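Asks: First, the structure itself, so that you have it in front of you.
The values are calculated or read from the model by the stated rules, or taken from the named source; none is laboratory data. What you are looking at is a predicted structure, and each value in this text was computed from that prediction instead of being measured. Glycine also receives a Cβ, built like all others from the backbone with ideal geometry; neighbour counts cover every protein chain displayed.
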Amino acid sequence: MERAVRYSKKRTAVYEVLSSTKSHPTAEWIYEQVKKEYPDISLGTVYRNLAMFKAEGKVITVGVVDGQERFDADTAPHSHFVCRQCSSVLDIEDRDMIPIPKAAEDCGRVESCEIIYRGICRNCTEK
């Protein structure tokens, strides 16, 4: 039996902070932002809510960058670019779906695909 999730101002604040940025933040960054409004929030609360949002499909993880998991509230299919110099994570806005290779379909039903490009971002290249 699924447990009902009660409304929480802090939970809402965590989601609003994440969904208001394109920076693909860490839990710690989200914590620091929410803490401005709710000084008694704990980092554990932020992590628990992010895990719940991931399970509900409201949030995705971009993976670990510089030892910290990065999050994205944009759950529409898209790719990411991770800069190996400044650790920025950028959305690749081309929303065209990449065709699923037959080899993947032969394995079973494909439900998602994550593509992460790694390199040096334009800002770091121009410096």
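Asks: Filter the range 51-85 for residues that are out of contact with any helix residue (DSSP H, G or I) (no Cβ under 6 Å at 6 or more places or on another chain), of a type outside the set (Gly, Ala, Ser) and more than 16 Å from Lys22 (Cα to Cα) and give the result.
Replies: Across the range 51-85, the qualifying residues are Met52, Phe53, Lys54, Glu56, Val64, Asp66, Gln68, Arg84.
Asks: Are any of the residues in the range 25-36 in a loop (DSSP other than H, G, I, E, B) and either closer than 14 Å to Asp74 by Cα or at pLDDT below 95 (or both)?
Replies: yes
Asks: Can you name the residue in the range 50-75 that is touching a residue at least 24 places away in the same chain (Cβ under 8 Å) and of a type in the set (Lys, Arg) and, of all such residues, is nearest to Ile116 (Cα to Cα)?
Replies: Arg70
Asks: Still on this structure, I have one more. Applying the selection to the range 39-57, what residues are surrounded by 15 or more Cβ atoms within 10 Å (Cβ to Cβ) and assigned to a loop (DSSP other than H, G, I, E, B)?
Replies: Ile41
Asks: Identify the residue in the range 58-78 that is of a type in the set (D, E, K, R) and part of a loop (DSSP other than H, G, I, E, B) and, among all such residues, is modelled with the highest pLDDT.
Replies: Step by step, filter the range 58-78, then rank; the result is Lys58.
Asks: If Ser87 passes every condition in (1) in the same structural domain as Ile120 (by TED's automatic domain parsing); (2) on the phi < 0 side of the Ramachandran plot; (3) not in a helix (DSSP H, G or I) but one, which one does it miss?
Replies: Every condition holds for Ser87 apart from (2).
Asks: Here's a follow-up. Here are His24, His78: which of them is in contact (Cβ under 8 Å) with a residue 60 or more places away in the chain and within 28 Å of Glu111 (Cα to Cα)?
Replies: Exactly one residue qualifies, and that residue is His24.
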